[in-house]
Each structure stands twice: as structure tokens, then as C-alpha cells.
Amino acid sequence: MSAEQARILVIGGGIAGMTAAIEAAEAGCETVLVERTASLGGRVARMYQYFPKLCPPSCGLEINVKRIRNNPRVTVLTGAEVEKVAGSPGDYEATVLVSPRYVTDACTACGECEKVCPAERADEFNFGLSRTKAAYLPHGIAYPPLYAIDRAACLSGCQACVQVCKYGAIHLDAQPERKTFRVSSIVAATGWAPYDAARLDHLGFGKFPNVVTNVMLERLAARDGPTGGKVLRPSDGAEPKTVAFVQCAGSRDENHLPYCSAVCCTASLKQTTYIRALYPDAEIKVFYIDVRTPGILEDFLGKVSADSKTELIKGKVALVEDAGNGDLQITAEDVMGGKKRTWTVNLVVLATGIVPQTANLPAGFQTDEFGFAESGQTGMYTAGCARRPEEVSATVRDATGAALKALQIAKRSAAHA
């Protein structure tokens, strides 16, 4: 393998994948970053604020995007998936299938195609809480900053977007393309998805519109979200006066996710601050098994629990039921009080856990009994929540370490070329 071919392949364009690709490229190594969706950013792009500083993730993402954009050693492929990998450490051949976005780099994101598009689709970025046109910009800080066309949502025979685009950037007949890369090492940073709350029948998700998940609340609180930054009840758009957070919704449960997802406690504490900032008179109850906030996050717990309007209740929620008028009745064990109790609230937020997205990793990677990926043979490394549940700062450190390991293989391969 020549020095020019001593590339690193990074699978996944979330914060872990972006970090690994950037660190390797800035150390002098060619890097191919493959992302399944139409833009980089992953789950972090959907957050409203980081904990514990309560600052927006957009600033960090913009810095990373600038580093990628300004580094010619990084090749970004969106709408792409790794089909197969063959070879051995130091000399792999990776085949990548790139699906068409039907919009070329000539796009200026002017939005004219979106204005004339007659078709709609559920907005996956907002977890279905809103809709977009079939011609859509993935999100406000999307990279690449290009529109995409959801051909599955298009009306048959419609050419409205093609006709209005004065840059000739839309090609509705574009076809998938396979690309082959020689790479020395691979970093899998395929991220996570929230546990399917519909499987938690006793907690009412899918039955009662005012039962939402923690990831949905992030989008409700976000100023670029479906409600413009107002946390409102989905059933009637009302401002909630009482909100319940249900911790370990499916986690630490042998029937669902038997492990702790590590970040849910602090994420819910963070989300209580969203509601208290919006609605100073709102009352919040957090039902928990254990509150896990290690290290400096313990200070954040102390700050939130000192709020007189926020009550932390040790006890597992057994049932969520309809209480009429969109309200919900919660039945839970009050461990400290030594009895079972019921509460009526306006909105319920389920803290669903982290599910690793590792099902389609290339041969050579291994997974544990929960589906989290372990580094396979030398030359194959994992990073971020594909490897274990962790918060953003830990993910960045983890990805930097994976990049260093991959870089060592790449440099060794180049030296022996």
C-alpha cells in the first residue's frame, strides 16, 4: 500500500465519527467519512443543550464542520453505507454504496424547490413531530449544506422542483453508485438509537399523545424544532403545568434493555431546566430507581434538586393511564414513603435508553450480548455509543483514542509500502 493509499475509513458521521475523521486527517492521514443519512451531526445535531453547562451543541458542530470543510484530506460521503470489507489489517478494500440525494453540489440551498414541492413527508429529524416537503434541507446547520429529495414521498410524475431550480442542481433520475477504497484501518462510530417506547405498553407511549420520549422533548425545546422552542402538549398545544419524568423507561429491565444507558439521569435533569425556564410555575416530578450522576455531574444534580418546584421521587413507575382532558395518571411506588401512590400530570416524558446501531457493521467487528461493538482484529476499532453508552465529552475522547489507534496502522502501512 502506498502512502497515498494509507487511508482510514470512518463509519458514521455523528460526533464520534466526525471527531475520529478530523483528528486523523489533521494528523496527516487521508480519511473517508461515511454517513448513512443526508448530513453529518448524528444525535448531537438534534439536541437543544448539552449538560451540565446548558449550552447549545450547534457551536461545537459548526467548529467541526469548519475543520472538515477546510481539510482536503477528509472525503465525506452522505447517504452512504459500507457494503463490505475485504482484506487484512493495513490493506482493506471497502465497498461503499452511495444512494442519490437527487441534488448536486450546484445547490445553493435557496429553498425554491421546497416552496413549490407539493408532497410532504414525516420529519424524521424531529421524530415525526412535524412534516417537511419531499424537497428538504435536513436541518439548519446541515453539512453538506444541500437540499435532498425524498423520492419515496414524491408525487408520481412531478417535476416542479426540477423546473424551478435555476442552477440545474436537481436530477430525479440519479442512480446509486458504488465506490471502492483501499484503506489501512477502520473506525466504527455508528452511534445509537432510542429504545422503541411503543414496546413499553404500561407507560402509554403511542396510546396517549401526551406521553413523549426524552429525545422528542429535546426537539420540542429546540428553537429550530417543531414548536419553535416551546414545550407544548402534543394533544392540544397547551403549556404543561405539571410534568413527570419516568427514568429507566425500558432500561435496567431484563425484558427490554438489561443495562444502564449511563446518560438518561443527567439528560432528564437537564430537561427539567428547559421546562422551568419556560414555565416558572410548572411543577416537575422525576421518578427514578437510582440517580446516576458521576463525577462533576453530582454538582448538577445538586443544583437541579435544590429547585423547590422539582421533586425527585425514588420509585419505579408501574402504570400510566388516561386521566381525562389529555392528562395522565401515574401509579408508582414511593420507596421513601413506603407505599404505592398515584399522581395526575399534564405531560409524561419517558427516559428511553441507548440502543447501539451495530447490526450492519462489516465482518471482523464483534458485538457483546447487548449489541455494543468491540474492536475486532487489529485495524478495526470502535468509538462512541456504538461501543458503550456515554455522554458527548466522553464520546469525543473515545473517538480521539480510536483515531490514534487507526492512525498507527495507517502510518505503519505507509512506511512499509
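The values are calculated or read from the model by the stated rules, or taken from the named source; none is laboratory data. This structure is a prediction, so every number in the text was calculated from the model and none was measured. Glycine also receives a Cβ, built like all others from the backbone with ideal geometry; neighbour counts cover every protein chain displayed.
Summary table
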{"read-out": "Residue among ARG131, ARG67, ARG121 that alone is of a type in the set (D, E, K, R), in contact (Cβ under 8 Å) with a residue 24 or more places away in the chain and more than 18 Å from GLY12 (Cβ to Cβ)", "value": "ARG121"}
{"read-out": "Some residue of segment 344-353 being in a loop (DSSP other than H, G, I, E, B), among the aliphatic types (A, V, I, L, M) and either touching a Pro at 6+ places or on another chain (Cβ under 9 Å) or closer than 20 Å to ARG233 by Cβ (or both)", "value": "no"}
{"read-out": "Count of segment 371-397 residues which are touching a residue at least 60 places away in the same chain (Cβ under 8 Å) and touching a Cys at 6+ places or on another chain (Cβ under 9 Å)", "value": "2"}
{"read-out": "Verdict on GLY250 being under 18 Å from GLU321 (Cα atoms), crowded, with 22+ Cβ neighbours inside 10 Å and touching a His at 6+ places or on another chain (Cβ under 8 Å)", "value": "yes"}
{"read-out": "Condition check for GLY41: crowded, with 18+ Cβ neighbours inside 10 Å, at positive phi, outside any strand (DSSP E or B) and modelled with pLDDT of 95 or more", "value": "yes"}
{"read-out": "Strands (runs of 3 or more DSSP E) within segment 171-269 that include 3 or more residues within 29 Å of GLU35 (Cβ to Cβ), assigned by TED's automatic domain parsing to the domain that holds THR75 and in contact with a Ser or Thr (Cβ under 9 Å, 6 or more places away or on another chain)", "value": "177-188"}
{"read-out": "Number of the exception - HIS139 against (1) out of contact with any Asp or Glu (no Cβ under 6 Å at 6 or more places or on another chain); (2) assigned to a loop (DSSP other than H, G, I, E, B); (3) modelled with pLDDT of 95 or more", "value": "(3)"}
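Rundown of residues vs (1) surrounded by 14 or more Cβ atoms within 10 Å (Cβ to Cβ); (2) in the same structural domain as CYS264 (by TED's automatic domain parsing); (3) on the phi > 0 side of the Ramachandran plot, yes/no style:
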{"residue": "VAL317", "(1), (2), (3)": "yes, yes, no"}
{"residue": "ILE330", "(1), (2), (3)": "yes, yes, no"}
{"residue": "VAL335", "(1), (2), (3)": "no, yes, no"}
{"residue": "LYS340", "(1), (2), (3)": "no, yes, no"}
{"residue": "VAL349", "(1), (2), (3)": "yes, yes, no"}
{"residue": "LEU361", "(1), (2), (3)": "yes, no, no"}
{"residue": "THR367", "(1), (2), (3)": "yes, no, no"}
{"residue": "GLY384", "(1), (2), (3)": "yes, no, yes"}
